[in-house]
Every structure is written in C-alpha cells, then in structure tokens.
1. Once you have a ≥ b ≥ c as the square roots of the Cα gyration tensor eigenvalues for segment 254-326, tell me rounded if a/c is under 1.5, and otherwise prolate or oblate according to whether a/b is larger than b/c.
2. So if R0 is 41 Å, what FRET efficiency would residue 407 and residue 27 give, r being the distance between their Cβ atoms, rounded to the nearest 0.05?
3. Looking at the square roots a ≥ b ≥ c of the eigenvalues of the Cα gyration tensor of segment 292-352, which shape do they give, rounded for a/c under 1.5, prolate if a/b is larger than b/c, or oblate?
4. Taking the Cα centroid of segment 1-45 and of segment 103-124, what is the distance between the two, rounded to the nearest whole Å?
5. Please tell me which of these pairs span more than 23 angstrom C-alpha to C-alpha: 131/156; 173/410; 279/419; 279/359; 62/118; 31/228?
6. What is the Cα centroid distance between segment 53-79 and segment 333-402, reported in whole angstrom?
7. What residues qualify as long-range amide H neighbours of residue 289, i.e. H under 5 Å apart, gap of 5 or more or another chain, H built at 1.01 Å from N?
8. Amide H neighbours of residue 102 under 5 Å, at least 5 residues apart or on other chains, H built in the peptide plane: list them.
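The values are calculated or read from the model by the stated rules, or taken from the named source; none is laboratory data. Just so it is clear, the model here is predicted, and its values are computed rather than measured. So basically every Cβ, Gly included, is an ideal-geometry build from the backbone, and we count neighbours across all protein chains shown. The protein model used for the area step is the full one, side chains on, heavy atoms only, and it has no ligands, DNA or RNA in it. Shrake-Rupley method; radii C 1.70, N 1.55, O 1.52, S 1.80 Å.
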Amino acid sequence: MLKLDLSNLEGVVSQEQVNALAPEVEAAHAKLYDPAAPGSDFTGWVRLPENYDKDEFARIQKAAARIRQDSQVLVVIGIGGSYLGARAVLEVFPSDGPEICFVGCSLSPNELEAVIRKLDDRSWSINVISKSGGTTEPAVAFRVFRDLLVKQYGAKANERIYATTDKARGALKSVADANGWESFVVPDDVGGRFSVLSAVGLLPLAAAGVDIGQLMAGARDAMNAYDKRDMSNPVWQYAAARNLLYRQGKKIELFCTYEPSYSFIGEWLKQLFGESEGKDGKGIFPASAQFTTDLHSLGQYIQDGERHLFETVIYVDDTGCDIAIPYSEDDGDNLNYLAGKPLSFVREMAFQGTLAAHKDGGAPSMVLRMDKMDVHALGELLYFFELSCGISGHLLGVNPFNQPGVEAYKKNMFALLGKP
Ligand code: PA5
C-alpha cells in the first residue's frame with residue numbers, strides 16, 4: 001500500500017494539528033455518502049471499483065481484442081476527464097499493441113496533422129469519448145477523423161468507431177445509435193475527471209494491452225483500505241494536512257514525480273484537484289513538476305521564491321529497471337566515487353537532498369511513497385487521489401463535483417464563432 005510521510009511538514013503543520021482535524025475530515029468523508037450533500041449526484045466513482053457494470057467490462061475487453069487484432073493505430077478523441085486518465089496510465093505503461101494517438105484535447109491543426117500523417121497505409125479505429133457528447137474540441141477532431149475513416153473504409157468505417165458517452169443523452173449518443181457504433185457508457189453519477197475507471201479510461205487502456213482487471217483490483221483494494229474512518233487512514237491525513245497548509249497561506253500544491261513517464265499523472269492530478277476545488281473564490285492551485293529536470297528550472301523558485309507553495313511528492317522505490325554507473329580508468333569526470341552504484345541510488349540521494357533543502361527553504365513536502373509502480377499499484381494511486389480530492393473539496397466547503405467556471409470561455413468562443 002501507499003505510505004504517506006508528513007515528517008517534512010515539521011515546523012509548519014504538526015501531526016497533532018493533523019489529528020485534531022479528524023472530526024472535520026470525518027464529516028467531509030461522510031458527505032460523499034450523503035444524498036443531501038452538494039454534488040451527491042456525482043459520487044458514483046466512490047464505489048465504482050466494485051459497482052462497475054460487469055457485462056460492459058466484458059464488452060470492453062472484447063472490443064479491445066478486436067481493435068488489437070484489426071488496427072495498427074487507435075485514435076482516441078476526448079478532452080479533460082475524457083482523456084487525461086488513460087493518457088496518464090499509458091505514459092507509464094505504453095501500448096504493446098496499436099499505437100494510441102490522443103486528439104481532440106486541443107484546437108491545434110498541427111496536432112491533428114501529425115496524427116493524420118501517422119495513419120498513412122495503416123489500419124486504424126477511433127474511440128470517441130465525450131460524456132456530454134457535444135464538447136467542441138473532440139467534436140471537431142471527430143468530424144475530421146470520421147471523414148478520413150469513411151474515405152478509407154467506406155461503410156465498414158462504422159465497425160471501427162467506438163463511442164463512449166452518456167447512456168441516453170447528447171449528440172454523440174444519437175449519431176452512435178443512428179450509425180450502429182459500438183457504444184460504452186459514462187455513468188450518470190461519474191463526472192469526467194473521476195471517470196478513468198469507467199469505459200472512458202478502460203477501453204483505450206485495454207486496447208493498449210493494460211491489464212484493466214488489475215487496475216480495477218488495485219482501485220478496489222484502495223477503496224476498501226481507505227474507507228477507514230480514522231486518522232490512521234492516509235487519505236484522511238493527506239486531506240487534513242493539505243487543508244491546514246492552505247489555511248497557512250500555502251496556496252499552491254506542486255505534485256512532483258521523479259520519473260519522466262509519470263508526468264501525465266501530474267496532468268491528471270491538476271485537472272482532478274483544479275476543477276474540483278477551484279471555485280467560490282477558494283482552492284489550492286495545483287501545479288506539477290518533474291524532478292530532477294525541473295530542479296534546474298523551477299527549482300530556483302521553489303527554493304527561494306514566494307513562500308506560498310508546498311509539494312506532494314510521489315516517489316517510487318522500484319521503477320522496474322536500474323543501471324550501474326561504470327568505473328572509468330582516467331576518472332576525467334571525477335565520478336569514480338559513484339562507480340558501481342545504481343542510478344536509483346543517486347536519484348534517492350537527490351530526492352532526500354531536495355526534501356531537506358525545500359523544507360529549509362520554507363517549501364514543505366508531503367511524500368507519498370510506493371515500493372513499485374505496477375498496474376495494480378497505479379489503480380491504487382488513482383483511487384487514493386480521487387478519494388482525497390472528494391474529501392478535500394468538502395473539507396474546503398465547495399461542491400467538488402461541479403465545474404461552473406469552465407463555461408465562461410465557451411460562451412465567449414461560441415459568440416465569436418457565431419454558433420447558431
Ligand atoms: O471533469 C470534467 O467534467 C471535464 O473536464 C470534462 O471531462 C471535459 O470537459 C470533457 O467533457 P465531455 O466528456 O463532456 O466532452
């Protein structure tokens with residue numbers, strides 16, 4: 001299981017202060033099960049690791065097997081919660097089957113063009129994902145790629161489009177039904193940013209060869225372990241500590257990882273926490289950094305800039321491989337003091353050194369330590385943060401499950417585009 005270490009908060013937030021917040025955290029946790037609590041219509045994700053639709057899960061695996069057999073490329077179209085979870089997992093566990101290309105998560109012609117070029121002479125399919133069924137970015141990308149698919153496959157294109165959307169509503173659902181596309185459901189009570197463990201994440205992941213049974217098992221183990229209603233629960237400790245840091249003026253949470261392939265976990269976390277907590281004039285601003293790379297850029301600010309941030313470091317002990325540093329006869333680079341040492345040892349020392357330096361500099365860290373990052377452990381990590389986020393939102397006193405603020409740009413854009 002995950003281990004949360006709060007020792008580097010010493011001098012800023014004490015274990016006693018964290019423990020004293022137990023009644024508030026308990027009330028916030030209870031709100032996830034309270035039909036009268038704000039956002040209660042969107043808490044289906046809480047029990048999703050056990051309450052998922054088993055027939056649909058089997059259909060996802062069948063569709064994935066078909067895609068793996070008939071497609072060299074799977075174009076996954078979606079934005080926000082309809083893409084970040086799958087992308088985060090796939091950066092860690094890349095596809096051993098079709099190349100997975102994500103589009104519809106920007107309005108960049110260059111991005112579309114680059115993927116279009118990859119399709120030349122290759123077999124491919126589309127998984128279009130939109131809960132509302134009408135989000136502009138994925139809708140535009142889908143129009144482009146559907147057109148290409150029909151040009152390549154004619155009427156058979158319909159057998160290569162997989163739609164993940166609402167079970168009954170929305171433009172995408174209507175077109176999917178009209179054309180007989182295989183459809184998967186984003187459950188009504190699961191919002192986009194909490195949907196990675198639904199068909200939204202599971203179909204692209206299964207098509208890429210990720211063991212989605214293991215992913216769900218990891219999430220399920222986390223669901224059972226972190227339902228514990230006392231301060232021995234690391235989710236409670238994390239939610240309490242970050243709330244106390246916020247109250248002390250630490251308004252930015254920097255999610256830090258030490259593996260480049262974990263950087264999209266940071267992107268997923270930014271959406272999860274940013275959209276859930278940033279409202280009503282409140283909320284911790286979520287950011288992410290990739291160490292040690294960003295120690296040579298953001299590192300200056302973290303150590304020495306405005307003192308309004310704290311770090312949540314996701315540190316994995318065994319990342320699956322290691323490399324020994326070779327001995328050199330001439331020692332021209334003066335590195336022989338490291339000869340024979342594994343690179344992971346150097347990384348661990350960089351991590352320990354950074355924790356101490358940032359603590360001394362007034363940027364305290366929480367550390368979420370994992371012994372390894374396999375699919376099961378990643379399922380656990382995803383659930384840990386979903387639950388932490390739901391509880392944190394209630395602790396802050398906001399509805400964690402709406403996102404009224406994202407409508408403002410759309411309204412302006414539609415007016416400028418002349419949308420009828
Ligand atoms: O979390 C959310 O609700 C959003 O980020 C959505 O996932 C995002 O806007 C995409 O919406 P949709 O799936 O309806 O296209």
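1. Numbers: a/c = 3.32, a/b = 1.62, b/c = 2.05.
Since a/c reaches 1.5 but b/c is at least a/b, the shape of segment 254-326 is classed as oblate.
2. Values: r = 30 Å, r/R0 = 0.73.
The formula returns an efficiency of 0.85 here.
3. On the way: a/c = 3.91, a/b = 1.76, b/c = 2.22.
Cα axes put segment 292-352 in the oblate bin.
4. Each part's Cα centre sits 42 Å from the other's.
5. Numbers: 131/156 25 Å; 173/410 21 Å; 279/419 28 Å; 279/359 29 Å; 62/118 25 Å; 31/228 15 Å.
From the list (131/156; 173/410; 279/419; 279/359; 62/118; 31/228), the Cα-Cα distance tops 23 Å for 131/156; 279/419; 279/359; 62/118.
6. First find each Cα centre; the distance between them is then 32 Å.
7. Those qualifying (amide H under 5 Å, at least 5 residues apart or on another chain) are 255, 256, 257.
8. Amide H neighbours of residue 102, under 5 Å, 5+ apart: 76.
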